[in-house]
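Engineer: My structure is below; once you've seen it, I'll send some questions.
The values are calculated or read from the model by the stated rules, or taken from the named source; none is laboratory data. Worth saying up front: this structure is predicted, and the values here are computed from it rather than measured. All Cβ positions, even for glycine, are placed from backbone atoms using ideal geometry, and neighbour counts span all protein chains on display. Note: accessible area is taken over every heavy atom of the protein model, side chains too, but ligands, DNA and RNA are not part of it. Shrake-Rupley method; radii C 1.70, N 1.55, O 1.52, S 1.80 Å.
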Amino acid sequence: MNQPAGHAGRYKANFSKGGLMVPESRVVADLLLQGVDPGRWQQAIAVENVLAKRSPSTALTKANLIRARLRAMPASLWTLIRDGSRSVATQATLAATVSYSPLFGDFLDLVVRDLYRRFEPRLKRAHWDQYLADCKTRDAQMPDWSEATRTTLRTRAFGMLREAGFLSADRACRLQTVMIEAEVKQALRAAERWYALRCIGLSERDAPR
């Protein structure tokens, strides 16, 4: 099993404010592809409410998180998110999320992949708890989160795996095989985003190590 080198910032909890948010990511990808300036960004998100949120502050928080995620990826992924099928857009958004959030990406790469390799049927809460303990061992500068924060992070992580199809929709958290779309693989390979490709291809037998 590959072990990532711990370093300051790798284990920031920067994915905890939302799920994959694929519909919203399509909208933000469109704005990025248009190359809108800060004024137009503010107008679209806070005034026109293109994300259909209840308040301008919520819309800006979500939009800024999504923009930060997407900027971790090349524009070719933005196009897939904006124009691709639901499956393509979801997988491209997942690739952006793991690139932006190594805490989440490493969980897929180190823990969930190993469960598939050993034909384990379920992802359990204990897997997340042990993963955080292992992260702390690798990176002494990792924050000492409260139990409530650790639970929120686990809920978000498991929720995103459900959205992407890796977990069953019920509470059993059964692991399911997801085949990565050829368009997503091609874009990630062309951009040499091997970490993202490895993380999202975790249930495929020929996924890169």
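Engineer: Could you identify the single residue in A75, A89, A44 that is at pLDDT 95 or above, over 30 Å from S203 (Cβ atoms) and in contact with a Leu (Cβ under 7 Å, 6 or more places away or on another chain)?
Structural biologist: A44
Every residue, every condition in (1) closer than 24 Å to E24 by Cβ; (2) in contact with a helix residue (DSSP H, G or I) (Cβ under 6 Å, 6 or more places away or on another chain); (3) of a type in the set (S, T, N, Q); (4) free of Cβ contacts under 8 Å to residues at least 12 places away in the same chain, yes or no:
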{"residue": "A75", "(1), (2), (3), (4)": "yes, no, no, no"}
{"residue": "Q91", "(1), (2), (3), (4)": "yes, yes, yes, no"}
{"residue": "A96", "(1), (2), (3), (4)": "yes, yes, no, no"}
{"residue": "D114", "(1), (2), (3), (4)": "no, no, no, no"}
{"residue": "Q141", "(1), (2), (3), (4)": "no, no, yes, no"}
{"residue": "L153", "(1), (2), (3), (4)": "yes, no, no, no"}
{"residue": "F158", "(1), (2), (3), (4)": "yes, no, no, no"}
{"residue": "A172", "(1), (2), (3), (4)": "no, no, no, no"}
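Engineer: Please find, within the stretch 42-95, the residue that is least open to solvent (accessible area, probe 1.4 Å) out of those that are of a type in the set (D, E, K, R) and not in a helix (DSSP H, G or I).
Structural biologist: K53
Engineer: Filter the stretch 157-204 down to residues that are touching a Cys at 6+ places or on another chain (Cβ under 9 Å) and part of a helix (DSSP H, G or I) and give me whichever is farthest from G84 (Cα to Cα).
Structural biologist: F158
Condition check ((1) at pLDDT 95 or above; (2) touching an Asp or Glu at 6+ places or on another chain (Cβ under 6 Å); (3) closer than 25 Å to P102 by Cβ) across all residues:
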site: G6; (1), (2), (3): no, yes, yes
site: A13; (1), (2), (3): no, no, yes
site: V28; (1), (2), (3): yes, no, yes
site: V36; (1), (2), (3): yes, no, no
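Engineer: Say whether the condition of being open to solvent by less than 40 Å² (accessible area, probe 1.4 Å), more than 15 Å from R113 (Cα to Cα), in contact with a Leu (Cβ under 6 Å, 6 or more places away or on another chain) and at pLDDT 95 or above is met by at least one residue in the stretch 191-198.
Structural biologist: No - not one qualifying residue is present in the stretch 191-198.
Engineer: How about the stretch 107-160: which of its residues are open to solvent by 80 Å² or more (accessible area, probe 1.4 Å) and farther than 15 Å from K12 by Cβ?
Structural biologist: Answer for the stretch 107-160, where residues must be open to solvent by 80 Å² or more (accessible area, probe 1.4 Å) and farther than 15 Å from K12 by Cβ: R117, R118, F119, P121, R122, K124, R125, Q130, T137, E147, T155.
Table: residues versus (1) in contact with a strand residue (DSSP E or B) (Cβ under 7 Å, 6 or more places away or on another chain); (2) closer than 23 Å to A187 by Cα; (3) of a type in the set (S, T, Y).
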residue: Y11; (1), (2), (3): no, no, yes
residue: L20; (1), (2), (3): no, yes, no
residue: R26; (1), (2), (3): no, yes, no
residue: W41; (1), (2), (3): no, no, no
residue: V50; (1), (2), (3): no, no, no
residue: A63; (1), (2), (3): no, no, no
residue: S76; (1), (2), (3): no, yes, yes
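Engineer: Next question, about the same structure. List every residue pair whose Cβ atoms sit under 7 Å apart, with the two residues 6 or more apart in sequence or on different chains, where the first one lies in the stretch 182-204 and is polar (S, T, N, Q) and the second, anywhere, is not in a loop (DSSP other than H, G, I, E, B).
Structural biologist: S203/Y116
Engineer: When you scan the stretch 3-26, do you find a residue that is open to solvent by less than 30 Å² (accessible area, probe 1.4 Å) and of a type in the set (F, W, Y), even just one?
Structural biologist: Among the residues of the stretch 3-26, at least one is open to solvent by less than 30 Å² (accessible area, probe 1.4 Å) and of a type in the set (F, W, Y), which makes the answer yes.
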